[in-house]
Protein chains: 2
Amino acid sequence: MNKSLLIVAHGSRRAASNDEVRTVAARVAAAADGRFTRIACAFLELAPPSIPEGLTGLIAEGAEHIVVVPYFLAAGRHVTEDIPAEVARVRGAHPGIRIDIAPYLGTAHLMPELLLQMSEPAPRADPQPR
Amino acid sequence: MNKSLLIVAHGSRRAASNDEVRTVAARVAAAADGRFTRIACAFLELAPPSIPEGLTGLIAEGAEHIVVVPYFLAAGRHVTEDIPAEVARVRGAHPGIRIDIAPYLGTAHLMPELLLQMSEPAPRADPQPR
């Protein structure tokens, strides 16, 4: 079963911010250890690819199940309405493909540990986690 | 030595988003296991307390060393210019207090693992760390 992951960020007018998201997606791919066939990113606005473009790209590559992870810290309108609306459009066009929306990043169980890790003196010696 | 942590978020017109940051700060405090005397949050704009208010509040409570962690996913102007400028104002007024700015959240080593964890089916069975 081709299960793929789409990391969805807001998108920025600042190209470097969008590139940071692309880099995070590449780091997730390196850490995924076979959990997903393909890992990509998409943007709600201001940068390509859009969410429908990202989803249809994965479907064109054979995805049968796609998990969308919102790369957002708070449950604003983007998370509660805009991303689900974009995903719903693609679900309607591809009824045979399962597309799930995961909880947004800000709810991660590991977030407190992450923030404590950020607060430790650099260089942080912890190895790249799997 | 009183070492305290200030989690700095952007701030939102949406009160629930600011409350999410306050909740994250409380979760960090619960997970900190004595690494910090006090843990608080502050906002760059749109919500209280401001960064100077947050810092001076911790100083009033006895902080001698404060670590500021930017709760931001990308290195935009807020991270590179605005937060350092606010911190610099307080450093100038309190030269005896050490205030460090940690790397921003988006650079966390654990971020790929966090995103992979978000993508797993709910309910996520992993225990609250620490």
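The values are calculated or read from the model by the stated rules, or taken from the named source; none is laboratory data. What you see is a predicted model, and the numbers here were worked out from it, not measured in a lab. Neighbour counts run over all protein chains shown; Cβ positions are idealised from the backbone, glycine included. When the accessible area is computed, the model is the full protein with side chains, heavy atoms only, and any ligands, DNA or RNA have been set aside. Shrake-Rupley method; radii C 1.70, N 1.55, O 1.52, S 1.80 Å.
Overview of results
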read-out	value
Neighbours by Cβ (under 6 Å, 6+ apart or cross-chain): first from region B:49-68, more than 10 Å from residue B:99 (Cβ to Cβ) and without any contact (Cβ under 8 Å) to a residue 60 or more places away in the chain; second in a helix (DSSP H, G or I) and open to solvent by less than 30 Å² (accessible area, probe 1.4 Å)	B:52/B:90
Subset of region A:12-26 (residues that are farther than 16 Å from residue B:111 by Cβ and either under 12 Å from the mean Cα position of the chain (by Cα) or part of a strand (DSSP E or B) (or both))	none
Which numbered condition residue B:77 fails, given (1) modelled with pLDDT under 95; (2) surrounded by 15 or more Cβ atoms within 10 Å (Cβ to Cβ); (3) more than 20 Å from residue B:31 (Cβ to Cβ)	(2)
Given (1) assigned to a loop (DSSP other than H, G, I, E, B); (2) within 14 Å of another protein chain (Cβ to nearest Cβ), index of the condition residue B:4 fails	(1)
Any hit, region B:59-71, residues being in a helix (DSSP H, G or I), more than 21 Å from residue A:106 (Cα to Cα) and at pLDDT 95 or above	yes
Residue, most open to solvent (accessible area, probe 1.4 Å), within region A:27-58, restricted to residues that are part of a helix (DSSP H, G or I) and among the charged types (D, E, K, R)	A:53
Within region B:35-58, tally of residues that are within 14 Å of another protein chain (Cβ to nearest Cβ) and either more than 22 Å from residue A:108 (Cα to Cα) or not small (Gly, Ala, Ser) (or both)	11
Output for region A:1-26, where each listed residue is in contact with a Phe, Trp or Tyr (Cβ under 6 Å, 6 or more places away or on another chain) and open to solvent by 50 Å² or more (accessible area, probe 1.4 Å)	A:3
